[in-house]
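The values are calculated or read from the model by the stated rules, or taken from the named source; none is laboratory data. Treat the numbers as computed from the prediction; the structure is a model and nothing was measured. Here the Cβ positions follow ideal geometry from the backbone for every residue, glycine too, while neighbour counts run over all protein chains shown. Only protein heavy atoms, including side chains, enter the accessible area calculation; ligands, DNA and RNA are left aside. Shrake-Rupley method; radii C 1.70, N 1.55, O 1.52, S 1.80 Å.
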Amino acid sequence: YLPSYPLQLEGSIREQLEKIFKVDDPEVGRSAAAYGFGDLKIAIDRLVKHIEDMCSSSTWGDEKHVFRLIMDKLRYRNVKESSQESNNMEDGDPYRRAVNGLMQEIKSALPSQYIHIPVNFDVKVGMEKVYFNYWQTRLAELSVFYVKIDPDNSFRVSDDWMEPAFGYHIRVFVGFDPIRFLESEDPNSSEIKTLSLHLYSRKSGRLIRHDPDGRSILGLTAGGTNYCQGLTVIVDDFAGQLPLNPTKQDVAFSEQANGQVHEKNLYLWINAIAGGYYNYILDFFNGRKGDLSNGVKGLSKKLKKLYDQRCDPKFQINSLAKGRYT
């Protein structure tokens, strides 16, 4: 674990930091000196400036709770960095370019990583607010299913498998992503049109697993154009019952005594939902997948317009959990 040090804001921050880095924990002090280019005094000066800014700036000074992450000496290269950002910066300022590129990527990535952010939370990258209404504005025919997962008893031998006496509930959202489907047909794009599976955990608070082609793990037919057309499945573990690995980056069913049973029950339920939903929509197109593909593509302009509007403060849209579904 990383060390933490409480500071008394009424006293001298500089003196407290000097005591921590020089007397209490000189080993950490040697690491901190790297933030000052090898000079501990410069490092402390920089840290003091951050702390004072958090307490008194016009942006954060009135907030009761403030958290700041400092990233230093960034080495960032990304072809997604926009030409406009590059043109606004001097060619001889690679550090600014790296910081700006990373900040823009964070701003773009955050909305799809979190679906449980409360509406009274303000998240900003730089001075720009981040809006967490990503999936609501991308998915056509968005539908939700509530199911109860039994983590201990196989559904094959349980009489109450549909509504087990013990277990936990999950939400499964399913829809088609016309934007992704259209982008997948661009030879220069890395997007693919197959079933995309996303697992979100309330325990970790974010996306913990993404399978660009989730057909195999769900036991669905993976050949041809089955379960494609930008089909997207979102699993919301809103009860926080999925077992996580130590870094909370993925599920870890092996950590549980009945982990194999838990895993099979979970994925078979998602299999049933995704398969039933897909075939239900396909029936509207008389079983013709080509017609379904054209139908999804036909919604791309409408969804792209909706997606582009989502960051307009006047444009209000409910969270996934509070949305209305047929």
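Laid out as a table, the results:
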quantity: Shape call, segment 1-48: gyration tensor on alpha carbons, a/c limit 1.5; calculated: oblate
quantity: Gyration tensor verdict on segment 256-316 (Cα atoms; rounded if a/c is under 1.5, prolate if a/b is larger than b/c, oblate otherwise); calculated: oblate
quantity: The chain: angle of helix 94-113 to the longest principal axis, Cα-based, in degrees nearest 10; calculated: 40 degrees
quantity: Given Lys49/Lys304; Lys41/Lys248; Lys73/Lys301; Lys107/Lys193; Lys129/Lys297; Lys64/Lys301, the pairs whose alpha carbons are separated by over 32 Å; calculated: Lys49/Lys304; Lys41/Lys248; Lys73/Lys301; Lys64/Lys301
quantity: Given charges at Cβ of Lys, Arg, Asp, Glu: the chain dipole, positive-most of Gly224, Trp135, Ile44; calculated: Gly224
quantity: P(r) tail fraction, segment 209-326 - alpha-carbon pairs more than 18 Å apart, %; calculated: 66 percent
quantity: Under 12 Å from the Ile70 label point (7 Å along Cα→beta-carbon), backbone N, segment 31-52; calculated: 32-37, 40-52
quantity: Alpha-carbon centroids, segment 16-72 and segment 229-255: separation in whole Å; calculated: 35 Å
quantity: Lys, Arg +1 and Asp, Glu -1 on Cβ, resulting dipole of segment 227-283 about Cα centre, debye, nearest 20; calculated: 60 debye
quantity: Length-normalised contact order of the chain in % [C-alpha pairs under 8 Å, at least 6 apart]; calculated: 15 percent
quantity: Nearest 10 degrees, 0 to 90: helix 40-56 Cα axis against the chain principal axis; calculated: 60 degrees
quantity: Enclosed volume per residue, in Å³, of the convex hull spanned by Cα atoms of the chain; calculated: 198 Å³
quantity: Selected from Arg206, Arg68, Arg288 as most flexible by GNM, with the chain as the system and alpha-carbon contacts under 10 Å; calculated: Arg68
quantity: Given the chain, longest segment not containing exposed loop chymotrypsin sites (Phe, Trp or Tyr not before Pro) (DSSP; at most 10 other Cβ within 10 Å); calculated: 167-324
quantity: Solvent exposure, largest accessible area first (probe 1.4 Å, DNA, RNA and ligands not counted), of Val296, Val123, Val23; calculated: Val23, Val123, Val296
quantity: Enclosed volume per residue, in Å³, of the convex hull spanned by Cα atoms of segment 184-261; calculated: 110 Å³
quantity: 1.4 Å probe accessible area per residue over segment 218-326, in Å²; calculated: 56 Å²
quantity: Segment 129-258: mean projected area of Cα convex hull, nm²; calculated: 10.2 nm²
quantity: Highest-MSF residue in the chain out of Arg310, Arg30, Arg209 [GNM, Cα springs under 10 Å]; calculated: Arg30
quantity: Zero-based 5 Å bins, Cα pair distances in segment 203-244, whole percents; calculated: 5, 17, 28, 17, 15, 11, 6, 1
quantity: Within a Gaussian network of the chain (alpha carbon springs, distance under 10 Å), most fluctuating of Pro118, Pro164, Pro151; calculated: Pro118
quantity: All Cα pairs of segment 233-278, percent lying beyond 15 Å; calculated: 50 percent
quantity: Viscosity 1.567 mPa s, temperature 4 °C, Stokes-Einstein D of segment 284-326 from Kirkwood C-alpha radius, µm²/s; calculated: 101 µm²/s
quantity: Residue-averaged 222 nm ellipticity for the chain, from DSSP H runs of 4+ at -39500 (n - 2.57), nearest 500; calculated: -10500 deg cm²/dmol
quantity: Farthest positive-ward along the chain dipole, Cα basis, beta-carbon charges - from Phe253, Leu306, Phe285; calculated: Phe285
quantity: Cα gyration tensor category, rounded, prolate or oblate, for segment 115-192 with a/c compared to 1.5; calculated: oblate
quantity: Simple Cβ-charge dipole of segment 1-44, Lys/Arg +1 and Asp/Glu -1, about Cα centre, in debye nearest 20; calculated: 120 debye
quantity: Total charge dipole magnitude, the chain, about the Cα centre, Cβ charges on Lys, Arg, Asp, Glu only, Debye to nearest 20; calculated: 680 debye
